[in-house]
């Protein structure tokens, strides 16, 4: 899995959850908040935790945020801070920006400002968002246990036109396809002889290590 660098701005319940999960998944994480207690807690597991105003562009640039691959603006309860942080991240040229919103109005504002993804999460939902960012070759990622997960993914290029039988999927990847979404319909007993189409979404369950190997060994380019 390609190693990415993340920045999490705001260390409330959601931001802390995202920071911890990304760190546990093996990524470099810069966590920023104005509350020393939150920063001290995050420092126990992230790569670097800093006390700073997340609406201060000079401070954020000084922390090296312009070099991260993904920024998570985790301050949905404070619209002004969320807006300013989003603008700063976009101006720094961060490739992918996730922003937390409190309601639909905030979501529309953040999207207009250039946020690539706007979410409405709290608590354990932060874990799921972080896992989705970690395993970004998947459409969705949900942890089932410490070592197991269920994911949604589009067929890789060399899978299109081939069936589960032709791919020898279970033996080849050590994973199980438990369903296929086709044109909005979900089939929990997919036809093993049906060739995959580019618009299909596979629902796959297995060990995290095997899922990572799947991403490392395939490319949709």
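The values are calculated or read from the model by the stated rules, or taken from the named source; none is laboratory data. Given the structure is predicted, the values throughout are model-derived calculations rather than measurements. Cβ sites come from the backbone with ideal geometry, for glycine too, and all protein chains shown count toward neighbours.
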**Request:** Determine whether segment 103-112 contains at least one residue that is under 17 Å from residue 6 (Cα atoms) and either surrounded by fewer than 18 Cβ atoms within 10 Å (Cβ to Cβ) or touching a strand residue (DSSP E or B) at 6+ places or on another chain (Cβ under 9 Å) (or both).
**Result:** no
**Prompt:** For the subset of segment 24-34 comprising residues that are touching a strand residue (DSSP E or B) at 6+ places or on another chain (Cβ under 8 Å) and in a loop (DSSP other than H, G, I, E, B), which member is nearest to residue 147 (Cα to Cα)?
**Reply:** 27
**Asked** Taking helices (runs of 4 or more DSSP H) that fall entirely within segment 159-221, which contain at least 1 residues that are at pLDDT below 85 and loosely packed, with under 11 Cβ neighbours inside 10 Å?
**Response** 208-217
**Request:** Name every residue in segment 93-104 that is within 20 Å of the chain's Cα centre (by Cα) and part of a loop (DSSP other than H, G, I, E, B), in order of residue number.
**Result:** 93, 94, 95, 101, 102
**Request:** Give segment 49-82 a look and list any residue that's assigned to a helix (DSSP H, G or I), more than 17 Å from residue 12 (Cα to Cα) and within 22 Å of the chain's Cα centre (by Cα), or say none.
**Result:** 60, 65, 66, 67
**Prompt:** List pairs: first in segment 105-124 and assigned to a helix (DSSP H, G or I), second modelled with pLDDT under 85, Cβ under 8 Å, 6+ apart or cross-chain?
**Reply:** 106/76; 106/79; 107/120; 109/79
**Request:** Of the conditions (1) at pLDDT below 95; (2) closer than 24 Å to residue 114 by Cβ, residue 3 clears all except one; give me its number.
**Result:** (2)
